[in-house]
1. Does the stretch 54-99 hold any residues that are surrounded by 12 or more Cβ atoms within 10 Å (Cβ to Cβ) and either among the hydroxyl-bearing types (Ser, Thr, Tyr) or touching a His at 6+ places or on another chain (Cβ under 7 Å) (or both), and which are they?
2. What number of residues within the stretch 95-133 satisfy the criterion of being within 24 Å of the chain's Cα centre (by Cα) and without any contact (Cβ under 8 Å) to a residue 24 or more places away in the chain?
Amino acid sequence: MANIQRYGNMFEDFFGDLNKGFWVKPFAFPGETDLKMKVDVKEGDKAYTVHAEIPGVKKDDIQVDINGDQVSIRAEVKREKEKKEGEKVLHSERYYGMVSRSFSLPTDVDAQGAAANYRDGVLELTLPKKASAQGRRLAIQ
C-alpha cells in the first residue's frame, strides 16, 4: 500500500498570512448603507396599519409625513462619541446615518386621525382611510 500524504490548501499556502484578517469588516459597496428599514403594511376595513422596524433610533429622531395616499418615514441614527483616554477602536460594526422609506397606499389617508407609537425599535402607524366622497347621479332635466 502506498503512503498517502495530505498537503495544505493550495490557496492558503500561496497567499499565506495575506488573507488573515482581510475579511474582518463586512464588505459593502460604495453608497450602500447598513441601516435599513423593514416595513409591513396591513389593510383593515377602516384603516391601514404600518409596522416599521427602526432599531437604535430615538423617537425624537423619527419623522412621518402623510400627503394624500403618500406616506414617508424618515429616521436618523446618531453616533455618540464616547472616547476614553488611551482607548483605540479595533473593530466597529455599529452604523449611523439617515434612512427613509416612502410608499403609496391604495386610498387617501386621513392625516388628522393618524396615530403613531414607537416601542422596542418598532414604529406602529395607524392610518385611517379618508372617507371618500360619495358620488351622486344627476337627474337630467
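1. 72, 95, 96
2. Number satisfying all stated conditions: 4.
Read-outs: derived from the displayed coordinates by stated rules, not from any lab. The model shown is predicted, which means the values in this text are computed figures rather than measured ones. FYI the Cβ positions are ideal-geometry reconstructions off the backbone, even for glycines, and counts take in every protein chain you see.
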